[in-house]
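The values are calculated or read from the model by the stated rules, or taken from the named source; none is laboratory data. Predicted, not measured: the structure shown is a model, and the values here were computed from it. Because the Cβ atoms are built from the backbone with ideal geometry, glycine has one as well, and the counts that use them run over all protein chains shown. Side chains included, ligands, DNA and RNA excluded: accessible areas come from the protein's heavy atoms. Shrake-Rupley method; radii C 1.70, N 1.55, O 1.52, S 1.80 Å.
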Amino acid sequence: MDTVFVENLEIIGTHGVLDHERQFEQKFHLDIVAAFDASAAGVSDNLKDTLDYVAFCRIARETIEAEPVYLIEKLALTIANRILEDTRIATVSVTIRKPSVLASGVPGVTLTRTR
């Protein structure tokens, strides 16, 4: 399988279990990797034959900027399910990191979904 990806996408949102996480904006860093067969795109050199990573960014932004949720797992699953609406995609992985939460280290989650 071939992949199209976006790494280190930064989006501001208000998600988390703690009250202050839901009241004050914080940064979320996302990586999205989608696996599909890129053979047609390699031959045609046409955007319609590949996956548009700008669409991945739009989906992630709409999800992160929406109403607060408690868990980043929910955000990752929502993003993954929306990306999998493109039936050419065999597998998608969504990683979300919260770089401002801990004094040392960066917590996060990666969800992988396969068609």
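Could you list all residues from the stretch 82-112 that are under 15 Å from Phe56 (Cα atoms), without any contact (Cβ under 8 Å) to a residue 40 or more places away in the chain and open to solvent by 80 Å² or more (accessible area, probe 1.4 Å)?
Glu85, Thr87
Filter the stretch 57-82 for residues that are closer than 18 Å to His20 by Cβ, hydrophobic (A, V, I, L, M, F, W, C) and more than 11 Å from the chain's Cα centre (by Cα) and give the result.
Of everything in the stretch 57-82, those that are closer than 18 Å to His20 by Cβ, hydrophobic (A, V, I, L, M, F, W, C) and more than 11 Å from the chain's Cα centre (by Cα) turn out to be Val69, Leu71.
Pick from Ala34, Ala41: which is open to solvent by less than 30 Å² (accessible area, probe 1.4 Å), closer than 19 Å to Val6 by Cα and either part of a helix (DSSP H, G or I) or not aliphatic (A, V, I, L, M) (or both)?
Ala41
Which residues, counting only those in the stretch 48-89, are among the acidic types (Asp, Glu) and more than 22 Å from Met1 (Cα to Cα)?
Glu62, Glu65, Glu67, Glu73
Just a yes or no: is a residue in the stretch 4-19 open to solvent by 20 Å² or more (accessible area, probe 1.4 Å) and hydroxyl-bearing (Ser, Thr, Tyr)?
There is at least one residue in the stretch 4-19 that is open to solvent by 20 Å² or more (accessible area, probe 1.4 Å) and hydroxyl-bearing (Ser, Thr, Tyr).
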